[in-house]
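Below is one structure, written out as structure tokens, with a few remarks after it.
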Amino acid sequence: KKLDKLVFMTDQQLYGTKFEGNRMYAVTYFQQDPLHVIDISDPANLKQLGELEVPGWSTHLEVRGTKILAAGRDGNTSKISLYDVADPENPKEINTVEVGSGYSYSEAEYDWKAFKIFDELGLILYPVTDYGDDWTSRYKLYLVDFDLDKGLKTRGYIASDSYVRRGVAIQDLIFSIGESHLVTADASDRDNPKILSELTLAAYVNGVTNCGKAL
């Protein structure tokens, strides 16, 4: 049984939503990236409380109390944004950082599990593929500091020889997990992570065909 319907934007594409308590946060995109704050406390009477327009768009939202961390992109560059929704009628952007150089994109733009937030460390690990002027792929795991009151700050990165899908942090020990490489690094200096070891992994298999006695 449908309880209610709310049209909060037209001629836009819905990119991301997050339900938290009595609110829903939604991101749409056409030319600007509106962040919508919607009251869902009464499911039969949905209403928009506030809206914020910023360049680019977000594909995934993570709520931390009255703050929102968002993964997305602006033009040719991957980005992470931090929003303040303490006043739902007047949401604000605390700051945004571009992650990567030149043309870049992140696995986190397509798979929310790649947007790794380590609250106890104030750290975000963000896998990014960069393309320079020669359009050569450069695979990196970026370290981004976050403070819910002060904002975001990009630090260093860990390079890999294969496409990076995940990052894991155990205190200052960072694991960069790629399609065919595992890299560990000491990130006690987050601006200059020091690679400790690298391991080449077996290539993954995504299809098997039976050809007589062979696969």
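Structure notes:
- Cα centroid of segment 2-63 to Cα centroid of segment 140-202, whole Å: 32 Å
- Note that segment 46-125 presents 41 Å² accessible area per residue, ligands and nucleic acids not counted, probe 1.4 Å.
- Rounded if a/c under 1.5, otherwise prolate or oblate - segment 122-172, Cα gyration tensor axes: oblate
- Working ranking of peptides 190-197, 179-186 by packing, defined as the average number of other Cβ atoms within 10 Å per residue, highest first, is 179-186, 190-197.
- A Förster radius of 25 Å combined with the Cβ-Cβ distance from residue 120 to residue 189 puts the calculated FRET efficiency at roughly 0.85.
- Taking 20 Å as the cut-off, the amide N atoms of segment 34-77 that come nearer than this to a point 7 Å along the Cα-to-beta-carbon line of residue 11 belong to 34-36, 51-57.
- Of the chymotrypsin sites (Phe, Trp or Tyr not before Pro) found in segment 63-142, those in coil by DSSP whose Cβ has at most 14 other Cβ atoms within 10 Å are 110, 135.
- For the chain: relative contact order, % (alpha-carbon pairs under 8 angstrom, 6 or more apart): 10 percent
- Cα radius of gyration and Dmax for the chain (Å): 19.7, 66
- Rh (Kirkwood; distinct C-alpha pairs) - segment 1-122, Å: 15.0 Å
- Our estimate of slack between residue 199 and residue 4, defined as 0.36 nm per intervening residue step minus the Cα-Cα distance, is 64.9 nm.
- Dipole of the chain, positive direction: furthest Cα of 112, 8, 52, with charges on the beta-carbon: 112
- Using only side-chain charges placed at the Cβ, +1 for Lys and Arg and -1 for Asp and Glu, the dipole size of segment 78-215 relative to its Cα centre rounds to 580 debye.
- Heavy-atom surface analysis with a 1.4 Å probe gives the chain a carbon and sulfur content of 48 percent of its accessible area.
The values are calculated or read from the model by the stated rules, or taken from the named source; none is laboratory data. Since this is a predicted model, take the numbers as computed values, not measurements. Counting neighbours? That spans all protein chains shown, and the Cβs are built from the backbone with ideal geometry, glycine included. Ligands, DNA and RNA are excluded from the accessible area calculation, which covers all protein heavy atoms including side chains. Shrake-Rupley method; radii C 1.70, N 1.55, O 1.52, S 1.80 Å.
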